[in-house]
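Take a look at the structure set out below.
The values are calculated or read from the model by the stated rules, or taken from the named source; none is laboratory data. Just so it is clear, the structure is predicted and the values come from calculations on it, not from any experiment. Quick reminder, even Gly has a Cβ in these numbers, built from the backbone with ideal geometry, and neighbours come from all protein chains shown.
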Amino acid sequence: MNTQLRSIEIFSRLEQDRDELTAIVERYAQAEGVTQTAWPALSFFRADSPSDRSCAMYEPCLGLLLQGNKHILVGEERLEQEYGYYLINSIDVPVTAQVVRASPQQPCLCITLRLDPVRIGEWLSEVKLPKPSTATARGIALSPVSGDVLDPLLRLVRLLDSPQDLALLAPLIERELLYRLLTGEQGTRLAQIASAGGQGQQIARAIQWLRVHYNKPLRIAELASMVNMSPSSLHHHFRQITAMSPLQYQKVLRLHEARRLLLTEGCDVATAAHRVGYESPSQFSREYSRQHGAPPLRDVMRLRAMGTAPCVELEATA
C-alpha cells in the first residue's frame, strides 16, 4: 500500500510540475513559432493550429512537448512526439516536422534546450552510463519525461522570472540536468555528442562536412578517408545514427535549402536547383516532389498562403 501511495504522490507531483511549466511557457510564448529566451540555449515553440509539413535542422538538443502532438520524419522513420515525452537528439539532422494537434485554447507547446558537447564531456569521466540498448545507435529518440528531468528543467525555466539570478544559477541547473539525462535511459545516446574518437564523433565530422559542402558532388571514399573510416563502415554507422545514407542525407539538405531559396529569395526553379547542386532541373523537380509532397512552384505557393516559416539557411562553399 505504501508503494502504491508513493507512486500516486510521484505522479501527482509530476503533473503539478508539468502544469506549472506549461503555464510559464505559454506566458512567454505569446506568438506562434519559436520564442528565444534570456538564456541563449533555451527556446520555446508555440503553434495554435495543426500545420503542414515543414523542414528544419535539428541540432543536438533536449526537446520536451508539453501540449499538443507532433510528427517528426527522420529519413523514412516517423517519430510521434506526444504530451509528456522528451526528445534527445545527439546529431545535426534534417527533419520534416508537423504539428498534428493544436488549437488557440490548447496550443502545441514545446521547450528546446540546446546541448553543449563540452559540458556533456565534463560529465563523461564521472558518471556511469546506462547499458546500451539495441536502439542506442540512432542519434534521435523519444522517452517519457521523469521527475528527475522535469524538476531541473522547471527550475531553469522559473529563472526567466528572476533575471538577476539567471547568469549565476542557470549554469548550475543546466549541469544538473545534463547529469540526469546522462544517467537516464537516453544517456548512452547523449554521450555520442562528446565521446572523443568514437564512431559518433566520426559521423558528426562527416555530417559537418556535408552541411558545408551539400552543393558539391559527394564521393563516399573521400568522405570516409576524411573521417578515418572505411566506406562500408561510414555507410553502415551513418545510417545507424541518422536513419539515412550519406547520399540521402545530402539530398535532404539540398531539397530543404532549395525550398528556403524559393520561399525567401524568389529564385526560379532552375536557379534554385543549380545553387543546391543539381545539374538537371527535371531531376530536381521529381525529387523535390517526393520530399515535399508537391512540385516546387505549387509547394511554395501553398507555403506562402499559409505563412510558413522558411528552413534554416545552410552554409555552402562557393
Need pairs with beta-carbon distance below 8 Å; first residue touching a residue at least 40 places away in the same chain (Cβ under 8 Å) and within segment 282-300, second of a type in the set (D, E) and buried (at least 17 other Cβ atoms within 10 Å of the Cβ); sequence gap 6+ or separate chains. H292/D299; G293/D299
Which of (1) in a strand (DSSP E or B); (2) modelled with pLDDT of 95 or more; (3) surrounded by fewer than 18 Cβ atoms within 10 Å (Cβ to Cβ) does A38 not meet, given it meets every other one? (1)
Report whether or not E185 is charged (D, E, K, R), modelled with pLDDT under 85 and assigned by TED's automatic domain parsing to the domain that holds S125. yes
Within segment 75-116, can you find the residues that are touching a residue at least 12 places away in the same chain (Cβ under 8 Å), part of a loop (DSSP other than H, G, I, E, B) and not aliphatic (A, V, I, L, M)? G75, E76, E82, Y83, G84, S90, D92, S103, P104, Q106, P107, D116
Looking for something at pLDDT below 90 and not assigned by TED's automatic domain parsing to the domain that holds V118 - is there at least one such residue anywhere in segment 225-232? no
In segment 155-169, what count of residues is obtained for those that are crowded, with 20+ Cβ neighbours inside 10 Å and in contact with a strand residue (DSSP E or B) (Cβ under 9 Å, 6 or more places away or on another chain)? 2
Pull up segment 1-35, narrow it to residues that are surrounded by 11 or more Cβ atoms within 10 Å (Cβ to Cβ) and assigned to a loop (DSSP other than H, G, I, E, B), then point me to the one that is modelled with the highest pLDDT. A29
Of everything in segment 75-95 that's touching a helix residue (DSSP H, G or I) at 6+ places or on another chain (Cβ under 7 Å) and of a type outside the set (G, A, S), which residue is farthest from R239 (Cα to Cα)? Y86
Given the criteria in contact (Cβ under 8 Å) with a residue 40 or more places away in the chain and outside any strand (DSSP E or B), does R119 qualify? yes
Among the residues that make up segment 208-231, is at least one of them buried (at least 18 other Cβ atoms within 10 Å of the Cβ) and touching a Cys at 6+ places or on another chain (Cβ under 7 Å)? no
